[in-house]
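The values are calculated or read from the model by the stated rules, or taken from the named source; none is laboratory data. Everything quoted here is computed from the prediction, not taken from an experiment. All Cβ positions, glycine included, derive from the backbone under ideal geometry; neighbour counts span all protein chains shown.
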Amino acid sequence: MKPSLKTFLITLLVHFCMVQFVAAQYTEVINSRRPGFSDSPYSVGTKVYQVEGGLFYKDVGNYLFYDQNLEESFSYSANSFGTDIMLRTGQFFERLEFNLDMAILSESRDYSRPADSSASGFGFSKLTLGAKYLLYKPEYTDKTKEIRSWKARHSFDKRRLIPAVGVYAGLNTNLLTDLYKNRDGVSPRFAVFTQNDLSERLIVLLNFIMDYAFTDQAENSYIITATYALNQKFSVFGENQGFFRKNVPNDFQFGAGGAYLINKDMQADLSARMIFDERGDNTYIIGGGISWRLDRHKDKIIVNKTNNDEEGIQQPKKGFFNTITFGLFAGKNSASSGGKMREVKTRSAKTRSLEPPVNKKAQKARKKQNKKLVKEQKKREKAEKKYNKKFEND
């Protein structure tokens, strides 16, 4: 008998749902980008609303740039204090995330070239809308199930050298303070994010970014971040960032810091950075902040089909420290924005049985055999009881 169109469509739906579960991004513990500047290819998960914010102080020693419009070089030192905030949410697909990245500061500048002067400003220094999408997520061997060989259990899995890959596209708005306005107006921002989970504790992120594209302020940069989980609460990181611009000497930034997991929906962090460049700049940045999420994530409906019915089952969130993810850092069995994403727990869908009905004659014979075995067991127990009684009397 050929399967009906309804059966075919339901089977297709089950397969589609299973593919979506493989791509799941949600983690039971907060996945924050802070305090590093690099980003993970993974999203926060659907129906998760996340705020990542903090305070920073920046001291610029000697910033040099060339203004093509004025055909003149400028040099200044500056002090600024402000807050950086990122709003993140996953919508529509587990692999897709939308975010708003912004910074508000108060800055004072002292110019030494072309003439001594000063300037100050308060407002947005960054306001960027963007979205990222996970293109590829590698699968690793679960060596906790290896019990036959100690060597196989502790050997390095070469597949960990293959990174997860995500892409990003955003728009830099120009609703900024005068000190940071782009003369060319709004501009696009593009990036490729990769992540290697080299072990359960060590994770490496690599970002390639093209910012303010197609404008006079265009810059290309890379960020490489290594994170290590000390335990389920604390992680540390080291980071290197390089900027390459047309009209500004190249910058190379080095940073370090750590994060502490307060609870499954909140983390705190601290970091410090130094910037070295071709003009002998001695810029430094210190900062700290909090990441918090409103978790409204629900696992998607799985079609659970039996021979007689079809029903949708809503899976609840489970566990707590099965996955530890905080900041750019990952704990054991964990993930981060630096960390591998634990798959949302799912239950395999039962497929409709196409086997022929059970042979009633064979079923009857099995039942008879089972009764015989039970009868023999009772007989043995009775004999054993009788023997024990006689032994006690003797």
Exercise. For Leu134, are the conditions met, namely being closer than 30 Å to Leu70 by Cβ, of a type in the set (A, V, I, L, M) and touching a strand residue (DSSP E or B) at 6+ places or on another chain (Cβ under 9 Å)?
Worked result: no
For this session: Go through (1) under 30 Å from Leu70 (Cβ atoms); (2) under 20 Å from the mean Cα position of the chain (by Cα) one by one and return the number of the condition Lys264 breaks.
Result: (1)
For this session: Report the residue count in the stretch 92-132 for those that are within 30 Å of Ala164 (Cα to Cα) and either surrounded by 15 or more Cβ atoms within 10 Å (Cβ to Cβ) or aliphatic (A, V, I, L, M) (or both).
Result: 17
For this session: Kindly establish whether Thr128 is touching a Leu at 6+ places or on another chain (Cβ under 6 Å) and closer than 26 Å to Asp39 by Cα.
Result: no
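Yes/no matrix, rows are residues, columns are (1) loosely packed, with under 14 Cβ neighbours inside 10 Å; (2) of a type in the set (Val, Ile, Thr); (3) touching a strand residue (DSSP E or B) at 6+ places or on another chain (Cβ under 6 Å):
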site	(1), (2), (3)
Arg153	yes, no, no
Asp184	yes, no, no
Tyr222	no, no, yes
Thr227	no, yes, yes
Problem set entry | Neighbours by Cβ (under 6 Å, 6+ apart or cross-chain): first from the stretch 247-276, basic (Lys, Arg); second in a strand (DSSP E or B) and surrounded by fewer than 20 Cβ atoms within 10 Å (Cβ to Cβ) | Arg273/Ile285
For this session: Select the strands (runs of 3 or more DSSP E) contained entirely in the stretch 64-162, then report the ones holding at least 3 residues which are more than 23 Å from the chain's Cα centre (by Cα) and at pLDDT below 90.
Result: 72-90
Problem set entry | Count - residues of the stretch 178-212 that are under 26 Å from Glu107 (Cβ atoms) and either assigned to a strand (DSSP E or B) or more than 26 Å from the chain's Cα centre (by Cα) (or both) | 17
Exercise. Looking only at the stretch 223-272, which residues are under 30 Å from Glu72 (Cα atoms) and touching a Gly at 6+ places or on another chain (Cβ under 6 Å)?
Worked result: Phe252
Exercise. Within the stretch 67-75, can one find any residue that is at positive phi, without any contact (Cβ under 8 Å) to a residue 24 or more places away in the chain and not hydroxyl-bearing (Ser, Thr, Tyr)?
Worked result: yes
Exercise. Yes or no: Ser80 touching a Phe, Trp or Tyr at 6+ places or on another chain (Cβ under 6 Å) and either in the same structural domain as Asn174 (by TED's automatic domain parsing) or polar (S, T, N, Q) (or both)?
Worked result: no
